[in-house]
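The values are calculated or read from the model by the stated rules, or taken from the named source; none is laboratory data. Model, not experiment: these values are computed from the prediction. Glycine gets a Cβ as well: all are built from the backbone with ideal geometry, and neighbour counts include every protein chain shown.
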Amino acid sequence: MSIDWDYFIYTKNDNWGSYIENKRSLVDLWYKRYIQEKALGRDIKESYKLSPAWNTFWKRIEKYFIYANDIKAYVSDSHALSYEIAKENSCQIVCLFDSHADLGYGGLPSLNFEVNCSNWLGKLLKDKQIKEANIFYSPYTIEKPEYFKQINSIYNIRYCSFSHLNKSFKVSAVHICRSGAWTPPWLDDKFTQFIDAMGIEYEIADCPARKWDTENISLSHQINYLMA
């Protein structure tokens, strides 16, 4: 089971996304957007809404998923880690909860690239590490299954919702990613509450804490952020 924090986040600005995963996109770009929006008389926080479903998600999961006795759980910033987790735990099926399908956004040729946050699920299928992918799109996604027509025609991919579930999946590993390039730092406290509510001991892999302090931004920092 792989869960992206952006599954729960609605944004009014569809252009704020798809970034390289580095410090600049995790922190600096968020301050840049904040400064730009403030200059226009807008509060950037008004452009992002957290669905109340984040607080009931694990209760819904318990109805349809069974945790293995030796289940492992991981938390990271990048979703690309799901490739290694599925491989190392010999997972045959991946259930993905996300605003993005992560099948590869350039058709089949994108699966020839190295594993990254946008193609890891497609790579698992191409490399025959898994047999089936079940994608649960966020209610806020702007993607559609037909965007991946070519990949869908070759691999065993299902686009699901909770209402479609009529069987229990046994879960051997859970991965929760923050996707900090897409999800705002002022919601990180809620993210921590979400992973703790999972109720499973987890390992954190490369998910650096982000400080969000808009009250004490110096002029030099503002200039640096605007150049990001």
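Ala53 meets the stated requirement of being in contact with a helix residue (DSSP H, G or I) (Cβ under 7 Å, 6 or more places away or on another chain), aliphatic (A, V, I, L, M) and either surrounded by fewer than 18 Cβ atoms within 10 Å (Cβ to Cβ) or free of Cβ contacts under 8 Å to residues at least 40 places away in the same chain (or both).
Conditions (1) touching a residue at least 60 places away in the same chain (Cβ under 8 Å); (2) of a type in the set (Val, Ile, Thr); (3) outside any loop (DSSP other than H, G, I, E, B); (4) in contact with a Lys or Arg (Cβ under 6 Å, 6 or more places away or on another chain), marked per residue:
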| site | (1), (2), (3), (4) |
| --- | --- |
| Arg158 | no, no, yes, no |
| Ile176 | yes, yes, yes, no |
| Thr183 | yes, yes, no, no |
| Phe191 | yes, no, yes, yes |
| Trp212 | yes, no, no, no |
| Gln222 | yes, no, yes, no |
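Among the residues in segment 3-22, are any surrounded by 14 or more Cβ atoms within 10 Å (Cβ to Cβ), charged (D, E, K, R), at pLDDT below 90 and within 30 Å of Glu146 (Cβ to Cβ)? So far as segment 3-22 goes, yes, one or more of its residues are surrounded by 14 or more Cβ atoms within 10 Å (Cβ to Cβ), charged (D, E, K, R), at pLDDT below 90 and within 30 Å of Glu146 (Cβ to Cβ). Within segment 137-147, is even one residue touching a strand residue (DSSP E or B) at 6+ places or on another chain (Cβ under 9 Å) and assigned to a strand (DSSP E or B)? Within segment 137-147 (the criterion being touching a strand residue (DSSP E or B) at 6+ places or on another chain (Cβ under 9 Å) and assigned to a strand (DSSP E or B)), the answer is yes, since at least one residue qualifies.
Table: residues versus (1) modelled with pLDDT under 95; (2) among the aliphatic types (A, V, I, L, M); (3) in contact with a Ser or Thr (Cβ under 6 Å, 6 or more places away or on another chain).
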residue: Asp77; (1), (2), (3): no, no, no
residue: Lys87; (1), (2), (3): no, no, no
residue: Phe97; (1), (2), (3): no, no, no
residue: Ala101; (1), (2), (3): no, yes, no
residue: Gly106; (1), (2), (3): yes, no, no
